[in-house]
Structure formats: C-alpha cells, structure tokens
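Data first, discussion second: the structure below is written as structure tokens.
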Amino acid sequence: MSLINQPLVIAGRTFQSRLILGTGKFSAPEAMRDALAASGTEMVTVALRRADLSGKKDPFANILEFIDPKKYLLLPNTSGAMNAEEAVRLARLAVAAGLPKWVKLEIHPDPRYLLPDPIETFRAAEILVKEGFTVLPYINADPVLAKRLQDVGCATVMPLGSPIGSNRGLQTRDQIRIIIEQATVPVVVDAGLGAPSHAAEAMEIGADAVLVNTAVAVASDPNRMAVAFKLAVEAGRAAFESGLGAPQETASATSPLTAFLE
Amino acid sequence: MSFVAELNSLPLSALVKRSLDTNLAAARESVAKESFSLADFAQLISPAAGKLLEPMGRRSQALTQQRFGKVIRLFAPLYLSNECINNCKYCGFSRDNPILRVTLTVDEVMRETRALAAQGFRNVLLVAGEHPKFVSNGYLRDCVAALHEEIPSVSLEVGPMETEEYRPLVAAGADGLVVYQETYDRAVYDDLHTAGPKKNLDWRLETPERAYAAGFRRIGIGALYGLADWRYEALCVAAHADYLLRNCWKASLTISLPRLRPCAGEFEPLTHISDRELVQLVCAFRLMFPDVGLVLSTREPAKLRDGLFPLGITLISAGSHTEPGGYTGAGKEHIHQTVRGRIVEAGASEWATPTNGHATNATGQFNIADGRSAEEVAKLIQSLGYEPVWKDWDVALTK
C-alpha cells in the first residue's frame with residue numbers, strides 16, 4: 001500500500017508533494033537538478049541574486065536553465081535583501097525577467113544567522129500583496145507576526161525550525177504548534193531541518209509542508225538524501241492525517257483488561 | 001568607542017605566550033569546543049595544535065560546507081592606479097620606488113572590466129594606491145558608477161576615507177570595502193610606514209567601522225603576514241573580526257590571509273609563516289568564525305591553493321594582475337616613471353611588467369604565484385567537487 005496524502009493547496013494551486021527544495025549550496029547545477037528530480041518536489045526556490053535577471057542568458061549565472069519550469073513551480077526568493085525596498089525591487093525585477101509572480105520573501109540583515117527581520121518583512125509583504133504577488137514570507141516562529149502576515153494577505157507563512165543551514169531541527173516546536181493551531185493559510189516549516197526525522201516531526205505536528213536545502217545539498221549523496229526527505233515528509237503527513245495518539249505518562253495496554261464489560 | 005580601545009586593552013603578549021606554551025592535551029580540548037574565546041583561538045593557532053591539523057581540517061571543511069555549501073565564489077582585482085603618496089617599506093607602489101606608473105581613465109577601466117566580465121567575473125575589487133590627485137574621490141565614484149552598469153558586485157580597496165566621503169561611493173553602487181591593517185603591531189607599523197597618511201595606525205584601524213557607517217555591506221579585513229609575528233597578527237585579526245561582528249552586525253565579513261610576496265623595493269619578509277601554519281590558521285579562523293568568508297588570492301602557488309580551497313576558503317581570485325591595465329594593456333600610452341615621487345621621462349625600467357614579451361606595462365604591486373587562468377581555476381574547483389560561483393549578487397540590491 002502506498003501513502004496517498006491530501007494534496008497541498010497554496011493560493012489556489014495544488015501540489016502533490018509537500019516537500020519544497022532550495023537550490024543553493026549544491027556542488028554543481030547538475031547535482032541540484034538530479035536531487036530535485038529524486039525528491040519528487042513540485043516547488044523549488046532560487047535566490048534571485050544568483051540568477052541572471054537581465055535576459056541576456058548569462059552563461060556564468062545560468063542556474064535557472066537547470067530547473068524545468070514545466071516540472072516545478074519556480075519560487076524566486078529575495079535572499080540578500082536587507083530591507084523591504086531591496087526585497088520589493090528584486091521581486092519586481094524577477095517578474096520583469098519572466099519569472100512567476102510568486103515570491104519567497106526573505107529579508108535577513110544579519111549575515112551570520114540569517115534570521116529574518118520581522119519589521120521589514122511585514123512592510124515588504126504589504127507592498128507585494130497589493131501588487132498582486134503571491135507572497136510566502138520567511139519568518140521567525142512568532143505566532144503574532146504570522147497572524148499579521150495572514151491578515152495582510154500572505155499565501156503561507158514560513159516559520160523557521162532553527163537558523164538556516166544549522167541542521168538543528170525543530171528548536172521552535174512550541175511556537176510552531178501555536179502558529180499551526182491558529183493558521184488560516186498553509187504553514188511551511190523552513191530552515192534548520194537537518195535530518196529526515198526533523199521533517200517528519202514537523203509534518204506530524206501538522207505543518208502543511210517543509211522546505212529543505214542544506215541537508216540535501218551538502219550530503220555526500222544528495223539524491224539519496226532527497227529521497228529520504230521525500231519519504232519522511234510523506235510518512236509524517238500520513239501520520240498526521242491518520243490521527244496521532246497523544247503521548248502519555250504511563251503505559252496503556254493494547255488489549256484493555258476491562259474489554260469484557262463492553 | 002571603537003576597536004582601537006579594545007585592541008589597546010587586549011593582553012596580546014600573554015595570549016601569544018599562552019599559544020606558544022600550550023600542550024597537546026590543552027590544544028586537543030580547545031579544538032573540540034563548540035564556541036571559542038580569544039584564549040581558545042590562541043590554542044587553535046598554537047604549535048601544539050599544529051599536530052592536530054588533520055582533525056582541525058576535517059571540522060573546518062564540514063563547517064564550511066554546512067554554512068557556505070559546496071561552492072567557492074570568485075572575484076578579480078582590477079587595479080586602477082599605482083600612484084601612491086605613502087612610503088611603506090614592503091609595498092611595490094611606495095612613493096619613492098622608481099617604478100612605471102599609470103592611472104587608468106574611466107574608459108580604460110571599462111576595457112579592463114569587459115575583459116574580466118568575458119572571463120566570467122561578476123564580482124570585481126577595484127584597487128588603487130593612495131593619491132588624492134590621481135585617485136580622487138570623484139574619479140573613484142565615476143569608476144564605480146561605470147562598473148556597476150556591467151558588474152553586479154563592486155568592492156573597493158583604496159586609501160581610507162571619512163564616512164561622509166564613502167557615502168557617494170556606496171550610492172554609486174559599491175557594496176564592499178576591503179582594508180588590510182598590514183600589521184597590528186604598533187612598533188613594526190611605525191617602522192614600516194615612513195611617510196604619508198598611512199602612518200596613522202588608529203585611523204586605518206577604524207576604517208571598517210567608518211565604511212560600515214557609510215553603508216558598505218561587505219567588509220574585508222586582514223593582516224599582511226611577513227611583517228610581525230604571525231600569531232600576534234592572527235590574534236589581532238580574530239579580535240577585530242569579533243568586534244566587527246558584534247558592532248557592525250549587518251555587514252558580511254571576510255578575512256584574507258595574504259603573505260608577503262616579492263615586489264619592487266625588494267623588501268625581505270621580517271617574519272615567516274610556513275605553509276603548514278597557514279593551513280592551520282585557515283582552519284582556526286573557520287572554527288572560531290563559522291560564518292565569516294575566508295579569502296585566498298593568487299599570492300599563493302597553485303598547489304597550496306588547491307589544497308586549501310576545500311578546507312575553509314570561500315572566496316578566491318584567479319587569473320589576477322596587480323598592475324593597472326594588466327588585463328588588456330589599457331593605459332599603456334600614458335605610463336610614466338617616477339623617481340622619488342617626481343615624474344620623469346618614461347624609459348626602459350627594470351620594474352616594467354612583462355606581458356607576452358612586451359615589457360611596457362605599469363609595474364605590479366607584487367608578483368603573483370598562481371598564474372593559472374580563471375577558467376583553469378574554475379575547472380579545478382569543479383574537479384574538487386565544488387561549484388565555482390561567479391554571480392551571487394544582483395544589481396537590484398544596490399541600486
């Protein structure tokens with residue numbers, strides 16, 4: 001029996017896969033292309049600063065040529081932007097270059113931990129939603145900020161599990177639970193998921209999708225790691241949809257002793 | 001409060017002594033730590049830790065791949081001018097050196113730029129000697145503005161300026177500023193900088209902070225190894241990096257590790273750092289600063305560079321020239337010779353840079369050691385299992 005999970009719907013678009021992949025840090029564009037295929041993903045994010053937006057088909061910045069737009073929704077991201085103005089400018093440029101009017105809004109002025117700036121992210125989200133973008137903001141796991149972003153019309157919220165590339169897993173688990181509980185849009189756990197078990201955990205607590213990059217890109221076998229994440233995401237989602245039992249302090253027998261009373 | 005006060009308060013001699021006296025057990029303990037103080041850093045660069053180079057290298061490599069990925073970024077230096085009003089005993093551009101000098105016009109700079117762009121470079125470092133007449137702020141602004149039309153990421157390595165003087169350069173599109181302290185040892189610094197504004201160590205030391213205040217988002221620092229004791233310098237660089245990470249929190253920081261190379265003036269290095277110690281230093285910087293970019297230039301020979309790339313290096317130059325006009329021969333027509341700072345008739349000079357047999361180019365700052373082309377180096381990077389990244393910045397971010 002295979003796992004058939006409910007599809008993911010973001011801004012009216014349906015995805016069978018709940019795994020979103022990033023495209024940075026790979027050892028070669030071919031390695032990235034193969035890992036994307038192995039992962040079964042249908043949405044991949046690309047840093048606009050790495051791509052050629054001039055329309056000149058720059059052979060020294062040709063990452064987009066390795067991502068088939070028929071197979072994947074290409075989700076441009078604004079990584080590198082330090083404030084709302086820069087992020088908005090990049091997003092507009094991407095549309096002008098013919099990329100989808102979707103944007104993963106990333107504004108992290110701190111280059112060490114790449115933690116998102118909530119104030120600038122909120123400002124940029126307001127502007128971009130008004131301009132008709134489908135906005136997926138990368139945020140710290142702040143439930144109030146998540147609500148505010150939903151209120152201004154963001155298509156998802158993307159709280160971090162732990163800092164980008166840290167492989168530390170769901171350090172923000174309790175806050176993400178609150179975000180999921182209160183969400184009116186899909187919740188995508190983004191960043192810090194270093195192992196398939198982290199991704200499965202996020203899906204089990206009800207995240208609608210996860211975004212993974214570093215763990216796959218720097219694995220010694222990115223393709224197998226991509227498949228491992230695919231399976232973990234499917235398993236976690238199936239467990240969530242099947243109704244996970246709540247943890248208890250004591251043992252509870254699988255054949256209750258009082259069954260004869262029924 | 002600037003880094004000057006912090007540097008003055010550091011027990012540097014004690015830290016160097018701690019480093020030299022460390023035993024293997026203590027070094028091993030330091031290498032295994034999760035986060036590092038300056039005292040730990042002293043242990044990481046100790047002779048004892050030199051015996052732990054393999055485990056340090058493995059940790060350094062894993063950390064670098066995790067934080068930066070399996071990629072190495074490339075940049076090229078573009079020398080605008082080798083005019084200089086400073087006398088620095090170790091530098092080929094020193095005012096009193098009788099070398100062939102030139103300042104490229106903006107058009108000539110663009111010829112050089114297009115040659116670099118054709119090789120793949122999308123990240124260019126503009127370098128110039130310090131000369132307010134030839135290398136004026138207006139000239140630099142014009143160069144940056146012209147370059148930024150074709151090159152997304154433009155950095156500067158020029159004479160230090162006031163914050164207000166930097167602002168127009170940032171507005172014109174420059175995103176990075178590189179300033180090497182050369183040496184953090186005050187006595188050595190005084191001895192080596194015999195004339196010119198560079199004599200003022202503190203003014204230079206505060207340059208990264210002024211650059212950050214003006215809006216530069218990439219800051220590069222480093223010492224020039226070969227002037228003072230390398231462990232002393234490395235400790236100062238580590239302290240400086242730590243200070244900048246705390247105080248200039250929005251800037252991407254890079255540390256470069258240049259070793260002194262032969263140059264006009266024939267200055268002999270005063271101190272020595274071996275290849276093995278250089279590798280140890282790269283690993284030590286990586287362990288202490290997982291997110292700081294580490295830069296390696298063509299000052300080092302190919303074999304050493306190839307070995308260092310996967311150990312923690314994130315940004316490299318390739319196919320470099322250190323003379324203005326080196327990529328295309330631009331500016332050849334108006335090269336002149338100077339003797340003790342005065343222009344004399346250009347003639348045959350022992351300091352001319354040979355290019356394809358024509359010894360007519362301006363004099364380079366130093367001789368490079370890795371003469372491979374950018375394409376060759378890019379191929380080598382691929383063969384090591386890394387992607388050579390040319391573009392990681394978009395003009396929309398700085399315009």
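Please treat every number below as a calculation from the coordinates, not as lab data. The structure displayed is predicted, hence computed values, not measured ones. As a convention, Cβ positions derive from the backbone with ideal geometry for all residues, glycine included, and neighbour counts pool all protein chains shown.
For helix A:84-96, what angle does its Cα long axis make with the longest principal axis of chain A, in degrees from 0 to 90 and rounded to 10? For helix A:84-96, the angle is close to 80 degrees. Which residues does the label zone of B:D96 cover in segment B:225-254, counting backbone N under 15 Å from a point 7 Å along Cα→Cβ? In segment B:225-254, the label zone of B:D96 (backbone N under 15 Å from the point 7 Å along Cα→Cβ) covers no residue.
With Cα atoms defining each centre, segment B:42-69 and segment A:1-39 are spaced 35 Å apart in the structure. The amide H of B:A318, built 1.01 Å from its N in the peptide plane, has B:F75 as neighbours under 5 Å, considering only residues 5 or more places off or on other chains. Converting phi to 3J(HN,Hα) with the Karplus coefficients 6.51, -1.76 and 1.60 and the offset θ = phi - 60°, segment A:40-46 yields x, 5, 10, 9, 10, 10, 10 Hz in sequence order, with x at every glycine or proline. Within the protein assembly as shown, DSSP assigns beta bridges of which about 20% are antiparallel (rounded to the nearest 5). Taking amide H as placed 1.01 Å from N in the peptide plane, A:I139 has its amide H under 5 Å from the amide H of A:M158, A:L160, each at least 5 places away in sequence or on another chain.
How would you classify segment B:173-296 from its alpha-carbon gyration tensor, with a ≥ b ≥ c the square roots of the eigenvalues: rounded for a/c under 1.5, else prolate if a/b is greater than b/c, otherwise oblate? Cα axes put segment B:173-296 in the oblate bin.
Within segment B:70-398, antiparallel bridges make up roughly 25 percent of the DSSP beta bridges whose residues both belong there.
Less than 5 angstrom separates the built amide H of A:N77 from those of A:V46, A:A47, A:L48, A:K104, all sequence-distant by 5 or more or on a different chain. Taking the alpha-carbon centroid of each part, what is the distance from segment A:119-194 to segment B:255-328 in angstrom? About 41 Å separates the Cα centre of segment A:119-194 from the one of segment B:255-328. Each peptide in A:198-209, B:184-195 was scored by the mean count of other Cβ atoms within 10 Å over its residues; highest first, the order is A:198-209, B:184-195.
Among the listed pairs A:K70/B:K250; A:K57/B:K379; A:K71/B:K379, those whose Cα-Cα separation exceeds 27 Å are A:K70/B:K250; A:K71/B:K379. Between the Cα long axis of helix A:222-242 and the first principal axis of chain A there is an angle of about 50°, rounded to the nearest 10. Computed from phi, the 3J(HN,Hα) profile of segment B:182-197 under the Karplus parametrisation 6.51, -1.76, 1.60 (θ = phi - 60°) reads 6, 9, 8, 7, 4, 5, 5, 4, 4, 5, 7, 9, 8, 7, x, x Hz, with x in place of Gly and Pro.
For chain B, the longest principal axis of the alpha carbon atoms and the long axis of helix B:137-148 meet at an angle near 80°. In straight-distance terms, cross-link reach from B:K17 covers every one of the aspartates and glutamates whose alpha-carbon lies under 16 Å from its own, apart from those fewer than eight places away in the same chain; here that gives B:D40, B:D185, B:D229, B:E233. Per-residue 3J(HN,Hα) values for segment B:70-76, derived from phi via the Karplus relation 6.51 cos²θ - 1.76 cosθ + 1.60 with θ = phi - 60°, read 8, 9, 10, 8, 10, 9, 10 Hz in sequence order (x marks Gly and Pro).
Here the mean projected area of the convex hull built on the C-alpha positions of segment A:8-261 is 15.6 nm². The label point for A:V9 and the one for B:A171, both projected 7 Å from the Cα toward the Cβ, are 5.1 nm apart. Of the beta bridges in chain A, as assigned by DSSP with both residues counted there, near 10 percent are antiparallel.
Rounded to the nearest 500, what is the 222 nm mean residue ellipticity of chain B from helices alone, with -39500 (n - 2.57) per DSSP H run of 4+ residues and division by all residues?
Helix-only estimate at 222 nm: -11500 deg cm²/dmol.
The spread of Cα positions in the protein assembly as shown, taken along each principal axis and listed from longest to shortest, comes to 109, 59, 45 Å. Neighbouring Cβ atoms from other chains, within 10 Å of the Cβ of residues in B:384-394, number 6 on average. Exposure here means at most 10 other Cβ atoms within 10 Å; with GluC sites (Glu not before Pro) in a DSSP loop as sites, the longest stretch of chain B lacking them is B:35-265. Put a plus charge on the Cβ of each Lys and Arg, a minus charge on the Cβ of each Asp and Glu, and nothing anywhere else: the dipole of the protein assembly as shown about its Cα centre is then about 520 debye. Within a straight-line Cα-Cα reach of under 12 Å, B:K133 can be paired with the following aspartates and glutamates, leaving aside sequence neighbours fewer than 8 residues apart in one chain: B:E83.
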